[in-house]
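Participant: Take a look at this one; I'll ask things after.
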Amino acid sequence: MKIVILSRKPSLYSTRRLKEAGEKRGHDMQVIDYLRCYMNITAHNPQVIYRGQPIKDVDAIIPRIGASQTFYGTAVVRQFEMMGVFSANSSIAISRSRDKLRCLQLLSRKGIGLPVTGFAHATKDVTGLISAVGGPPLVVKLLEGTQGIGVVLADTQKAAESVIEAFRGLDANILVQEFIKEAEGSDLRCFVVGDRVVAAMKRIAPRGDFRANLHRGGRMEKVNLSPEERTVGLRSAKELGLRVAGADLLRSKHGPVVIEVNSSPGLHGIETISEVDVADRIIEYVERRAKAHKPKRVEG
């Protein structure tokens, strides 16, 4: 099979591992920078063009779209879908996961556990917003933030008001969430491929921080997920339409709650700590689904 990995850099660990795993299984693997693609949006003959040449005879794509390039990246994925190519994650599922508010709204509709969350843009009723999520301590998040950037813990009413008013001054959309103290600065990454959680790890925040992102200096440990945690991780990916996803959970006194679902989860940490060949699991899933794929009408 001919499988294209849409990634900015072939040297990235996740991209390199996917390419190696695909070649090991006998596939023609190509890495293409999606930002250097352009599209011919023509009736009956849609094309994706790269370095002046139409990309042809592709059986499947694996999108690795950066958060800051979601709009253009999903446009490229959608164009491949218009060409009848199977995508490990659909363009609409990627878009859902990148819109934090939309993601939480979709999950809440299905009754999946979430931290109590408020959303605002330029509300003057700061006190009411804080009260709606149970008061301090609480977490204030920029809607467009990634990898723990734009996430602030406010311990007191005054601190919460100051942070919210500061973000208001930036004309930013914000999420305000209850602080899950019992999580003790750790979260769980459930790596979903198809209809299974194939690997998991526990991420622990560095001393003095509450954000467990590995990009923020967090460390990782092996973890055994409970059946409920596996179910919540799998359901959260499924409800967004993601076939390959990293579902991040907190262990709260009310059970597991979802804080984020990542459509381009990194492989380095999860493969290292779990000792699972996650890249191979992804390629195996893609080849199986691509063979059975029947092109459908793609929603906008």
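The values are calculated or read from the model by the stated rules, or taken from the named source; none is laboratory data. Note that the structure is a prediction, hence the values are computed from the model and not measured. Here the Cβ positions follow ideal geometry from the backbone for every residue, glycine too, while neighbour counts run over all protein chains shown.
Participant: Out of the residues in region 81-100 that are among the β-branched types (Val, Ile, Thr) and surrounded by 21 or more Cβ atoms within 10 Å (Cβ to Cβ), state the one that is nearest to Ser263 (Cα to Cα).
Facilitator: Ile94
Participant: If I go through region 1-19 residue by residue, how many of them are buried (at least 18 other Cβ atoms within 10 Å of the Cβ), under 16 Å from Tyr50 (Cβ atoms) and more than 19 Å from the chain's Cα centre (by Cα)?
Facilitator: Total satisfying the criteria: 2.
Participant: Condition (residue is under 25 Å from the mean Cα position of the chain (by Cα), closer than 18 Å to Asp248 by Cβ, assigned to a strand (DSSP E or B) and modelled with pLDDT under 90) applied to region 156-174: is it met by at least one residue?
Facilitator: no
Participant: Of the residues Gly255, Gly241, only one is modelled with pLDDT under 95 and either buried (at least 21 other Cβ atoms within 10 Å of the Cβ) or on the phi > 0 side of the Ramachandran plot (or both); which?
Facilitator: One residue alone meets the criteria, Gly255.
Participant: Still on this model: What is the residue count in region 219-268 for residues that are farther than 24 Å from Gln177 by Cβ and either aliphatic (A, V, I, L, M) or in contact (Cβ under 8 Å) with a residue 60 or more places away in the chain (or both)?
Facilitator: The number of residues fulfilling the criteria is 4.
Participant: To continue, here is another question. Within region 253-296, how many residues are out of contact with any Gly (no Cβ under 9 Å at 6 or more places or on another chain), among the hydroxyl-bearing types (Ser, Thr, Tyr) and closer than 17 Å to Val85 by Cα?
Facilitator: The total comes to 0.
Participant: Leu142 versus (1) under 14 Å from Glu260 (Cβ atoms); (2) touching a residue at least 40 places away in the same chain (Cβ under 8 Å): which is the lone unmet condition?
Facilitator: (2)
Participant: Test Thr70 against the stated conditions and say whether it is of a type in the set (S, T, N, Q) and in contact with a helix residue (DSSP H, G or I) (Cβ under 7 Å, 6 or more places away or on another chain).
Facilitator: In short, yes.
Participant: Separate question: Identify, from the list Leu35, Leu104, the residue that is under 30 Å from Gly233 (Cβ atoms), part of a helix (DSSP H, G or I) and aliphatic (A, V, I, L, M).
Facilitator: Step by step, each of Leu35, Leu104 is checked, and only Leu104 is under 30 Å from Gly233 (Cβ atoms), part of a helix (DSSP H, G or I) and aliphatic (A, V, I, L, M).
Participant: Which residues, counting only those in region 54-98, are in contact (Cβ under 8 Å) with a residue 40 or more places away in the chain, closer than 20 Å to Ala247 by Cα and not in a helix (DSSP H, G or I)?
Facilitator: Result: Ile62, Pro63, Arg64, Ile65, Gly66, Ala88, Asn89, Ser90.
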